[in-house]
1. Kindly check whether there is at least one residue in segment 99-113 that is away from the ligand (no atom under 16 Å from the Cβ), open to solvent by 20 Å² or more (accessible area, probe 1.4 Å), part of a helix (DSSP H, G or I) and in contact (Cβ under 8 Å) with a residue 40 or more places away in the chain.
2. Going through segment 147-157 one residue at a time, which ones are open to solvent by 20 Å² or more (accessible area, probe 1.4 Å) and either within 25 Å of the chain's Cα centre (by Cα) or free of Cβ contacts under 8 Å to residues at least 40 places away in the same chain (or both)?
3. I'd like to check something: does segment 75-93 contain any residue that is open to solvent by less than 50 Å² (accessible area, probe 1.4 Å) and farther than 18 Å from Ile120 by Cα?
4. Restricting to segment 289-303, and then to whatever is part of a strand (DSSP E or B) and farther than 20 Å from Arg24 by Cβ, can you tell me which residue is most open to solvent (accessible area, probe 1.4 Å)?
5. From (1) part of a loop (DSSP other than H, G, I, E, B); (2) farther than 17 Å from Leu313 by Cβ, pick out the condition that doesn't hold for Gly173.
6. Looking at (1) more than 16 Å from the ligand (Cβ to nearest atom); (2) open to solvent by 10 Å² or more (accessible area, probe 1.4 Å); (3) in contact with a Leu (Cβ under 7 Å, 6 or more places away or on another chain), which is the only condition Glu239 fails?
7. Counting just the residues of segment 1-26 that are at pLDDT 95 or above, assigned to a loop (DSSP other than H, G, I, E, B) and away from the ligand (no atom under 16 Å from the Cβ), which one comes out most open to solvent (accessible area, probe 1.4 Å)?
8. List the pairs whose first member sits in segment 288-304 and is acidic (Asp, Glu), whose second member is surrounded by 16 or more Cβ atoms within 10 Å (Cβ to Cβ), and whose Cβ atoms are under 6 Å apart, counting only residues at least 6 apart or on separate chains?
Amino acid sequence: MSKIQKIAVLTSGGDAPGMNSAIRAVVRKGIYHDIKVYGVFHGYEGLIRGEMHEMKLGSVADIVHRGGTILKTARSEEMYTESGQKKAAQQLMDKEIEALVVIGGDGSYRGAQSLSKLGINVVGLPGTIDNDIVGTDLTIGFDTAVNTVVDAVSKLRDTATSHERTFLVEVMGRNCGDIALRSGLAIGAESILIPEIPFDLEEVSEKLLRGYRRGKNHSIIIVAEGAGNIWDISSKLKEVSGLDNRVTILGHIQRGGSPSALDSLLGATMGGKAVEVLIEGKTEVMISYYNNQVIERPLSIAFGPRDPFDQKLYDLANELAI
Ligand code: F6P
């Protein structure tokens, strides 16, 4: 087995804090092992157009603490087509790049899988705030997003208590309730509405009223974006409870900011592991944080059934917000 000589790295899908740390690790560990590392700009869109250049040690200086991705990112429709995939693979082959590290969500992993079928070695790194990638307990960016929500809600609490109001706070996560559940439990939300568990607004209202009768003067309800339309939830809740409420949609602010120490560490360790497995000649793998370790697992796991929902954590959140 001859040692790998050239690899490329790209970020794809929604950006996530900690991606820069992962890019830095891939570049520096690659160079440390005498591998040429190419940075691909604008995700698969850029790859199809051949937007890449060789990265040096200095290319990744002073980025580890910055949010976003220095490589830029995009969601590529063309990469879902056979011709797009062939163009992308050809761009890599023209430069004799043998392997690609893809940092992104499961859509990005699909692109990687298609390149693998065309002869490119691929490794996927879970980069998304949503924590919705099957096969890893954590994704790069999730912890920072949860911290951002916690920080924002603590500010909302000031105005909520002053006006004695109920706030509905919408958080991101697509069809995954992890940001909502973790942040909701961390801030002691009165209710947490997530796509994984059906909810009854009569019960939510009952809990609210119970709280107010007991002397609570404000309430925070965290609503995952996948749980339903927040404006409908808000008006129905007003109707059944007779209480006024306000809606705050945190939106893309959850994707920004410096990575937490955990996300920075995940980026560094996962990026390092990606280069390690490529040196070992492995391909079609994902790097996962699994059972408190950073390990490689078959990429196909990411396309399988969802990891079991953390019912215990959800139950605990409810028990604490009695
Ligand atoms: O996947 C990350 C994410 O931020 C989701 O939480 C959200 O639903 C989506 O991306 C928003 O996408 P866009 O950046 O295209 O608005």
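1. So in segment 99-113, the residues away from the ligand (no atom under 16 Å from the Cβ) come out as 99-101, 112-113.
With open to solvent by 20 Å² or more (accessible area, probe 1.4 Å) added as a condition, the list becomes 113.
Now drop any that are not part of a helix (DSSP H, G or I), which leaves 113.
With in contact (Cβ under 8 Å) with a residue 40 or more places away in the chain added as a condition, the list becomes 113.
Scanning segment 99-113 turns up at least one residue that is away from the ligand (no atom under 16 Å from the Cβ), open to solvent by 20 Å² or more (accessible area, probe 1.4 Å), part of a helix (DSSP H, G or I) and in contact (Cβ under 8 Å) with a residue 40 or more places away in the chain.
2. Pass one, segment 147-157, residues open to solvent by 20 Å² or more (accessible area, probe 1.4 Å): 147-148, 150-152, 154-157.
The answer is Asn147, Thr148, Val150, Asp151, Ala152, Ser154, Lys155, Leu156.
3. Yes, there is a match, as at least one residue in segment 75-93 is open to solvent by less than 50 Å² (accessible area, probe 1.4 Å) and farther than 18 Å from Ile120 by Cα.
4. Filtering first and then ranking leaves Gln293.
5. Gly173 satisfies every listed condition except (2).
6. Only one criterion is unmet by Glu239, namely (3).
7. Going through the qualifying residues, I end up with Gln5.
8. Pairs found: Glu296/Val277; Glu296/Val285; Glu296/Ile287.
The values are calculated or read from the model by the stated rules, or taken from the named source; none is laboratory data. Worth saying up front: this structure is predicted, and the values here are computed from it rather than measured. Cβ: placed from backbone, ideal geometry, glycine included. Neighbour counts: every protein chain shown. Note: accessible area is taken over every heavy atom of the protein model, side chains too, but ligands, DNA and RNA are not part of it. Shrake-Rupley method; radii C 1.70, N 1.55, O 1.52, S 1.80 Å.
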